[in-house]
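Enquirer: The following block contains the structure, expressed as structure tokens.
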Amino acid sequence: KQLCAKTGMKKVFFSNSGAESNECAIKAARKYSHDKYGEGRHVIVTLVNSFHGRTITTLSATGQDVFHQHFFPFTEGFIHTPANDIDAALKVLANPAVCAIMME
């Protein structure tokens, strides 16, 4: 109650780990996109060399091949783009299926 009162928010969500927080963010982005735009807009863009956690979905979001070698199948709907490359970013963001960009 105190945190909500100080921030003006209606709800607060606590999690046990960064991976759990990222899973929640992924679900929230996809739910919002589905509710607002309907099906087909669920892709999340992350950066090459990013790390988002050790669950299967957060590993799917992770942009490091070393973490993709032994765990299949991955959660669909993630695109990894290089950092500091505006042309690559614009190309990826032109995809109408993109619903969010995830960065930590």
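Enquirer: Restricted to segment 77-92, and to residues that are of a type in the set (A, V, I, L, M, F, W, C) and surrounded by 13 or more Cβ atoms within 10 Å (Cβ to Cβ), which residue is farthest from Gly53 (Cα to Cα)? If you could, list the steps in order and put the result at the bottom.
Expert: Taking segment 77-92 first, the residues of a type in the set (A, V, I, L, M, F, W, C) are 78-79, 83, 86, 88-90, 92.
Among the residues that remain, those that are also surrounded by 13 or more Cβ atoms within 10 Å (Cβ to Cβ) are: 78-79, 88-89, 92.
Working: Phe78: 14, Ile79: 16, Ala88: 24, Ala89: 23, Val92: 23 Å.
That would be Ala88.
Enquirer: Taking the stated definitions as given, is Val66 among the aliphatic types (A, V, I, L, M) and out of contact with any Gly (no Cβ under 6 Å at 6 or more places or on another chain)?
Expert: Details: among the aliphatic types (A, V, I, L, M): yes; out of contact with any Gly (no Cβ under 6 Å at 6 or more places or on another chain): yes.
Yes, satisfied.
Enquirer: Here's another thing I want to ask about it. Kindly establish whether Glu104 is in contact with a helix residue (DSSP H, G or I) (Cβ under 8 Å, 6 or more places away or on another chain) and more than 14 Å from His52 (Cβ to Cβ). It would help to see each step written out before you state the result.
Expert: Numbers: in contact with a helix residue (DSSP H, G or I) (Cβ under 8 Å, 6 or more places away or on another chain): yes; more than 14 Å from His52 (Cβ to Cβ): no.
Taking the combined requirement at face value, the residue does not satisfy it.
Enquirer: Report, by residue number, each residue of segment 1-22 that is more than 21 Å from Thr81 (Cβ to Cβ) and either under 9 Å from the mean Cα position of the chain (by Cα) or surrounded by 13 or more Cβ atoms within 10 Å (Cβ to Cβ) (or both).
Expert: Taking segment 1-22 as the starting set, the residues that turn out to be more than 21 Å from Thr81 (Cβ to Cβ) are 1-21.
Gly18, Ala19, Glu20, Ser21 - these are the residues of segment 1-22 that are more than 21 Å from Thr81 (Cβ to Cβ) and either under 9 Å from the mean Cα position of the chain (by Cα) or surrounded by 13 or more Cβ atoms within 10 Å (Cβ to Cβ) (or both).
Enquirer: Could you please let me know if Glu104 is under 11 Å from the mean Cα position of the chain (by Cα), part of a loop (DSSP other than H, G, I, E, B), of a type in the set (D, E, K, R) and on the phi < 0 side of the Ramachandran plot? Spell out the reasoning first.
Expert: Details: under 11 Å from the mean Cα position of the chain (by Cα): yes; part of a loop (DSSP other than H, G, I, E, B): yes; of a type in the set (D, E, K, R): yes; on the phi < 0 side of the Ramachandran plot: yes.
In short, yes.
Enquirer: Quick one: in segment 48-76, of everything that is closer than 12 Å to Glu104 by Cβ and assigned to a loop (DSSP other than H, G, I, E, B), which residue is farthest from the chain's Cα centre (by Cα)? Give the steps one after another, and end with the answer.
Expert: To start, the set of residues in segment 48-76 that are closer than 12 Å to Glu104 by Cβ comprises 49-53, 58, 61-63.
If we keep only those that are assigned to a loop (DSSP other than H, G, I, E, B) too, we end up with 49-53, 62-63.
Values: Asn49: 14, Ser50: 11, Phe51: 11, His52: 8, Gly53: 11, Thr62: 9, Gly63: 11 Å.
Filtering segment 48-76 for residues that are closer than 12 Å to Glu104 by Cβ and assigned to a loop (DSSP other than H, G, I, E, B), the one farthest from the chain's Cα centre (by Cα) comes out as Asn49.
FYI, it's all coordinate maths here, none of it is from the lab. None of these values were measured; they are calculated from a predicted model. A quick note on method: Cβ atoms are made from the backbone with ideal geometry, for glycine too, and the neighbour counts reach across all protein chains shown.
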